[in-house]
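Below: the structure, in structure tokens.
The values are calculated or read from the model by the stated rules, or taken from the named source; none is laboratory data. All values reported here derive from a predicted model rather than from experimental measurement. Positions of Cβ are backbone-derived with ideal geometry, glycine not excepted, and every protein chain shown enters the neighbour counts.
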Amino acid sequence: MPTNPTDCDRRFVRQFREISLNDRPTVGGKGASLGELTQAGVNVPPGFVVTTAAFERFIAALDADGSIREVIVGLDPGDLPAISAATAKVRARLETVSLPDDLRDTISTAYSGLAGDERRAPVAVRSSATSEDSAEASFAGLQDTYLWVRGAEAVLHCVRSCWASLYSTESVSYRLRLKLPEQSVAMGVVVQRMVESVCSGVMFTRSPTTGDRSVIAIEGSWGLGSCIVSGEVTPDKFVVSKVTRDISKRTLSEKLVQHVPRTESGGVRVEAVPAEKQRVPCLADEEIVALADIGKRVERHYGAPQDIEWAVGQGQAGGAGLYILQSRPETVWASREAQPVAAPKARPFDHVLALLGGRDR
């Protein structure tokens, strides 16, 4: 272990501004993407990543003999009761042990630097597994996210909870089915300034329903995006042409509730949307087009269709404006396109026979 505090800081915490996609093994998929977007000049709320080295330091202090990973490797992907029982024991261990002092100090110092003069600045604490948000596998929603977290102690608690969520039943069974090597699975944790969202949502740089790459599909609702993720509200939907920038389709929903921050205690609460806003679009036309422009820019940067989280902010993280909170590769249509158009045959002529469909020859 390094003894110089600066070495510890660098090993256990990395700022967005110094991260790129090449750092995925040390900061996870979500952290690498946020760093890449920041370096590309996209408007991303500032933050840092608690690295996989910090996770490994924590696991080493807790589990010196490596028994946790041995237990996971030995599980049957199809035996959900056994997975659930084993992972519950692992999570209980991770959630009750104290953090090593060097981790506590480094993470607390990084949070203080991010908060600045606002000592209890609200942040999102989000898991960032090394195998998530890749073109081959998407772990979106399988590990934990905590919103409007305030104060160093709360941040430390949520970081540990994110590490524990790597061993949820859903996450473990998913990576067992994909046969991901357990020794290569580690957890980074993103700590990012919250945006006080007027509205928020997601956009896809190809149609999620048809796969059309000439359009951008935007979904949004009032308040924080967690309301859409939880399914508590049906979002407004807009389709924008990448070529003409015209809004070709609008589907407005009755948005009865929104998620808003508990500004003092932290966390979020459900609040009724004022009657005068329930049936009006959450985005103005100029905001829709501006989001589509950002979506095109992000897609060009990555060279592939993206699934992007966004927010329109009224404060925090530097003020009002359009913010990108995350971008990951679109996987549904990409996986369909990657499938072979025909199954391999033993002989070339067998393809002809297959086309004949069994007719008399």
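Brief remarks on what is shown
- Filtering the stretch 194-237 to residues that are within 15 Å of the chain's Cα centre (by Cα), under 14 Å from Leu325 (Cβ atoms) and either part of a loop (DSSP other than H, G, I, E, B) or modelled with pLDDT under 95 (or both) leaves Met194, Leu224, Gly225, Ser226, Ile228, Val229.
- Single match in Ser200, Ser207, Ser184 (criterion: surrounded by 16 or more Cβ atoms within 10 Å (Cβ to Cβ), small (Gly, Ala, Ser) and within 28 Å of Ser161 (Cα to Cα)): Ser200
- Residue, farthest from Phe58 (Cα to Cα), within the stretch 90-104, restricted to residues that are without any contact (Cβ under 8 Å) to a residue 12 or more places away in the chain and part of a helix (DSSP H, G or I): Ala92
- Checking each residue of the stretch 67-75 against the condition of being in a strand (DSSP E or B), surrounded by fewer than 19 Cβ atoms within 10 Å (Cβ to Cβ) and either in contact (Cβ under 8 Å) with a residue 12 or more places away in the chain or not assigned by TED's automatic domain parsing to the domain that holds His301 (or both) gives no match.
- Residues satisfying the stated conditions in the stretch 238-252, i.e. in contact (Cβ under 8 Å) with a residue 12 or more places away in the chain and in a loop (DSSP other than H, G, I, E, B): Lys242, Val243, Arg245, Leu252
- Residues of the stretch 77-89 that are acidic (Asp, Glu) and touching a residue at least 60 places away in the same chain (Cβ under 8 Å): none at all.
- Residue check, Ala110 modelled with pLDDT under 95, out of contact with any helix residue (DSSP H, G or I) (no Cβ under 6 Å at 6 or more places or on another chain) and not aromatic (Phe, Trp, Tyr): no
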